[in-house]
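The values are calculated or read from the model by the stated rules, or taken from the named source; none is laboratory data. Here the structure is a predicted model, which is why all the values come from computation and not from measurement. Positions of Cβ are generated from backbone atoms using ideal geometry, with glycine treated the same way; all protein chains shown enter the neighbour counts. Ligands, DNA and RNA are excluded from the accessible area calculation, which covers all protein heavy atoms including side chains. Shrake-Rupley method; radii C 1.70, N 1.55, O 1.52, S 1.80 Å.
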Amino acid sequence: MEYFILFISAIFVNNVVFSQFLGICPFLGVSKKLDTSLGMGAAVTFVLTVATLVTFVIQKWVLDPFDIGYMQSVAFILVIASLVQMLEFIIKKISPALFQALGVYLPLITTNCVILGVAILVIQKDFTLLQSLVYAISTAIGYAMALAIFSVIREQLDKTGVPKSMAGVPIALVTAGILSLSFMGFAGIV
């Protein structure tokens, strides 16, 4: 039951975009089309899960035993950057169309604060390895869901008559704010 609560909480109640405001730059940049959003969500899910696993092991087996916790940010950033390079290589080989669609946004995963934020949060919350993996996967699902919802809304907004002064980023930010308010309604569930 504990893992189920952690899972639901990370997706809906503590959604990384709508309640913690992490990953806003890729959220706004990639969310113009649904297919690109889904690709980015899948890429973030893979990187976030593997990065959380690797950074957890590095923290518990290297940084803590040698009492060099002050190197956490540097070590975690190096791990994340390496994983993104590996993912870029894999996507380029397996799906050139997805690689082309993601374009400049794939390197954004390297600087996506969701990845680093979750890696640090699981250490701060003193999660076990299994709890860390559940939290990482559910956070990634919540991030992908937020991207998908927002991209569908943005596609519909492009088809409507938005006033010229609100077109583009202004209406996207207003929409993100309304979505954030709607996710606050999940606060009493868990």
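Yes or no: GLU88 acidic (Asp, Glu) and within 27 Å of ILE171 (Cα to Cα)? Taking the combined requirement at face value, the residue does not satisfy it. Residue check: GLU88 meets all listed conditions (1) under 18 Å from the mean Cα position of the chain (by Cα); (2) under 23 Å from LYS125 (Cα atoms) but one, namely (2). A Cβ distance below 6 Å, combined with a sequence gap of six or more or placement on separate chains, defines the contacts here; from segment 8-37, residues that are under 19 Å from ILE153 (Cα atoms) and open to solvent by 10 Å² or more (accessible area, probe 1.4 Å) reach residues that are among the basic types (Lys, Arg) and not in a loop (DSSP other than H, G, I, E, B) in the pairs LYS32/ARG154.
Within segment 1-39, if we keep just the residues that are of a type in the set (S, T, N, Q) and modelled with pLDDT under 85, the residue that is farthest from the chain's Cα centre (by Cα) turns out to be THR36.
A single member of ALA140, ALA176 is under 22 Å from GLN20 (Cβ atoms), at pLDDT 85 or above and out of contact with any Ser or Thr (no Cβ under 7 Å at 6 or more places or on another chain), and it is ALA176. Scanning segment 108-123 for residues that are open to solvent by 10 Å² or more (accessible area, probe 1.4 Å) and not aliphatic (A, V, I, L, M) gives THR110, THR111, CYS113, GLY117.
Within segment 148-173, if we keep just the residues that are out of contact with any helix residue (DSSP H, G or I) (no Cβ under 8 Å at 6 or more places or on another chain) and charged (D, E, K, R), the residue that is least open to solvent (accessible area, probe 1.4 Å) turns out to be ASP158. Which residue is least open to solvent (accessible area, probe 1.4 Å), if the candidates are limited to segment 174-190 and must be over 27 Å from GLU2 (Cα atoms) and without any contact (Cβ under 8 Å) to a residue 40 or more places away in the chain? My answer is THR175.
Of all residues being in contact with a Gly (Cβ under 8 Å, 6 or more places away or on another chain) and surrounded by 23 or more Cβ atoms within 10 Å (Cβ to Cβ) in segment 134-147, which is farthest from ALA119 (Cα to Cα)? Just the residue, please. The extreme case among them is LEU147. Listed by position, the helices (runs of 4 or more DSSP H) enclosed by segment 2-110 that each have at least 3 residues that are polar (S, T, N, Q) and out of contact with any His (no Cβ under 8 Å at 6 or more places or on another chain) are 34-58, 72-94.
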